[in-house]
Structure formats: structure tokens, C-alpha cells
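Here the structure comes first, spelled out in C-alpha cells, and everything after it is commentary.
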């Protein structure tokens, strides 16, 4: 099973700087929320079927999602084939969807100055691109850090503050992401320490049910933060038949089909205040062998069922 870093490396694309125009226009405004939750499809969930970017958007719309979480590399590939950001923005809008977030892998946090500066330049170009699509968020994971690297939280906070300032420039805010098996920034507490060290009013953390489990964060940590800290959570579940250190991204299952305390998680998210985006993010090879429309629709139905039960007090 490929992990997220390996999937990123395998997705080749032309330089983004050559694909994104210097000037750009904003595409769409966020759709008003109708409740405490919005439902989003992270296209990783159906990437194994290789439907392509446009078809993935069609699948999400047909299933009934409110929004999308797109991978930056998929957008780069789309542009490399001669398409434009405007045509993509128009198509997404025509389907009644918004881009809630972008999955990015830039080296903004590393100690190597040259790599970090290259990562910052890449991130800025990606922010321009996402602004043109009406997207207001972009993931900022610990890409490029060596496993076991000791985190200097003061430096990490300063680096996060730097990309928050960059995000304000384009109105595309970076969400601090942690990876449960990374061996570096793998725990909610670490992400919270970096966010605190940034000393910035716009800090955000991007949690993931699997990563909360895999990195040993537990789930009570969600009770510690306000609704302003979390906009999006990656929704998935994990089976009970493997120990935590044996599980990989590919073991993720549909929400409600595993052992995660999802009703507690949803109740805590609702209690925070603000609308939360529930983004279905799976890398399950069994699902990748199934019909993509069925997988997307099944995931949405399972998330909605859990939400309905939580809101009904069940």
C-alpha cells in the first residue's frame, strides 16, 4: 500500500510556476452552511480507480457532497494538459460544489534553508492557484522532515507563522497537519505546540481520525480547542483486528465500519461551535477495486447517518 508521501512522489507534473498566471481571479464564494457539518469528498478515496480530476468532481456532485478536497498534483496535471484554472473553476461551480481544501506537500518546515525557500515558493504558487478556484484553505503537513527529527517548537512556530502571513496575502490559509506514522509531527499535542508558538490569530489544525489514532493522540484532545482552531477533519475509521503500530493508510475503512469513537468525535466537533467540514479521506485498495460512484456515495451515506444520530442524541 502506498502511503501519502509515495503517492505524491509518483504524481509527476510540470512546474507550477509555468502553469499559474501572475494575475488570477477568485472563482466562488463559500456556500452558506445549513448545519454544524458540511460533507466533502477527498479525491484520494477514489484515486485508485483513476477517474481523473473532472470525473472525480462529477462523482462527488452526483453523490451529493457539498464540497471537494483536491490534491494539488491532480490540478497541476490537469493544467499540464492544456486546460485552464478558469475552466476548472467554472466546471466546479456548475456542479454546485466548492473546493474546501487542497492537499499540498511543500517543504515549508524543513531545516535546510534552500529546501525550505523552494518549498515556500512552491506553496505561494499553489496558494495563487487555489485562490483562483475559490478555495480558502491548503494543507501544511510535515513534508520533508526526517523520521525521528527533533522538533524545535519555537522555530516550527515561526515557520508556521510565516506561511500564515503568506496565506493572508492570497486568502488561502494553511492548515497545520500531522501524520500519525511520520515519526516527526505525528501527534495533536505537537501540532498544538507549534500553533501556540506561532502566536498568530489565524492558526488552524487539520486533524484526521486515523492519524489521531495512529499517532497516539487519542480523541479527548478535541475537547481542548475552540471551533476557530478546526475547520476540517479527515473522516475515516480503523479496524480493530490490527494493533496501532501495524496499521497503515490503506487500512482505513468507511466511517462507522471500524473502532473509532466517531459519535464522540462528532459531538465534540459540534460543541466547539462553527461549521465543520467532514472530508472523507480513504486509501483503501479494496474500495479502489469497486465502482467509484458507489464508494463515494457509500462514504457520504455513512457519514450522514452518524451525523444524524449524533444530532438526534442517539
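The values are calculated or read from the model by the stated rules, or taken from the named source; none is laboratory data. From a predicted model like this one, the values you see are computed outputs, not experimental measurements. We place every Cβ from the backbone using ideal geometry, glycine too, and count neighbours over all the protein chains shown.
Which condition breaks for residue 201 when tested against (1) touching a strand residue (DSSP E or B) at 6+ places or on another chain (Cβ under 6 Å); (2) not in a helix (DSSP H, G or I)?
Residue 201 satisfies every listed condition except (1).
Within the stretch 146-180, track down each residue that is modelled with pLDDT of 95 or more, surrounded by 14 or more Cβ atoms within 10 Å (Cβ to Cβ) and within 20 Å of residue 217 (Cα to Cα).
151, 153, 156, 157, 175, 176, 177, 178, 179, 180 - these are the residues of the stretch 146-180 that are modelled with pLDDT of 95 or more, surrounded by 14 or more Cβ atoms within 10 Å (Cβ to Cβ) and within 20 Å of residue 217 (Cα to Cα).
Can you find a residue that is in contact (Cβ under 8 Å) with a residue 12 or more places away in the chain and surrounded by fewer than 19 Cβ atoms within 10 Å (Cβ to Cβ) anywhere in the stretch 98-108?
No, there is no match, as no residue in the stretch 98-108 is in contact (Cβ under 8 Å) with a residue 12 or more places away in the chain and surrounded by fewer than 19 Cβ atoms within 10 Å (Cβ to Cβ).
Taking the stated definitions as given, is residue 211 in a strand (DSSP E or B), within 24 Å of residue 285 (Cα to Cα) and modelled with pLDDT of 95 or more?
Spelling it out, it is not the case that residue 211 is in a strand (DSSP E or B), within 24 Å of residue 285 (Cα to Cα) and modelled with pLDDT of 95 or more.
To keep it simple, each residue is scored yes or no on (1) touching a residue at least 60 places away in the same chain (Cβ under 8 Å); (2) closer than 21 Å to residue 66 by Cα; (3) part of a helix (DSSP H, G or I).
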{"site": "117", "(1), (2), (3)": "no, no, yes"}
{"site": "143", "(1), (2), (3)": "yes, no, no"}
{"site": "148", "(1), (2), (3)": "no, no, no"}
{"site": "155", "(1), (2), (3)": "no, no, yes"}
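The rows are residues; the columns are (1) out of contact with any strand residue (DSSP E or B) (no Cβ under 6 Å at 6 or more places or on another chain); (2) modelled with pLDDT of 95 or more; (3) surrounded by 15 or more Cβ atoms within 10 Å (Cβ to Cβ).
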{"site": "20", "(1), (2), (3)": "yes, no, yes"}
{"site": "24", "(1), (2), (3)": "yes, no, yes"}
{"site": "34", "(1), (2), (3)": "yes, no, no"}
{"site": "37", "(1), (2), (3)": "no, yes, yes"}
{"site": "46", "(1), (2), (3)": "yes, yes, yes"}
{"site": "64", "(1), (2), (3)": "yes, yes, no"}
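So in the stretch 229-246, with the set limited to residues that are under 20 Å from the mean Cα position of the chain (by Cα) and under 17 Å from residue 215 (Cβ atoms), which one is surrounded by the most Cβ atoms within 10 Å (Cβ to Cβ)?
It comes out as 235.
Does residue 107 count as in a loop (DSSP other than H, G, I, E, B) and either modelled with pLDDT of 95 or more or under 16 Å from the mean Cα position of the chain (by Cα) (or both)?
Taking the combined requirement at face value, the residue satisfies it.
Look through the stretch 271-311, keep the residues that are in a helix (DSSP H, G or I) and in contact with a strand residue (DSSP E or B) (Cβ under 8 Å, 6 or more places away or on another chain), and return whichever of them is surrounded by the fewest Cβ atoms within 10 Å (Cβ to Cβ).
304
Taking residue 192 and the conditions (1) surrounded by 21 or more Cβ atoms within 10 Å (Cβ to Cβ); (2) within 25 Å of residue 267 (Cβ to Cβ), which numbered condition does it fall short on, given that it satisfies the others?
Here residue 192 meets the rest and fails (1).
Here are some conditions: (1) closer than 23 Å to residue 102 by Cα; (2) surrounded by 15 or more Cβ atoms within 10 Å (Cβ to Cβ). Residue 219 meets all but one. Which one does it not meet?
Evaluating residue 219 over (1) closer than 23 Å to residue 102 by Cα; (2) surrounded by 15 or more Cβ atoms within 10 Å (Cβ to Cβ) leaves (1) as the failure.
Residues are listed down the side, and each one gets a yes or a no for (1) more than 26 Å from residue 102 (Cβ to Cβ); (2) without any contact (Cβ under 8 Å) to a residue 12 or more places away in the chain:
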site	(1), (2)
241	yes, yes
249	no, no
253	no, no
261	yes, no
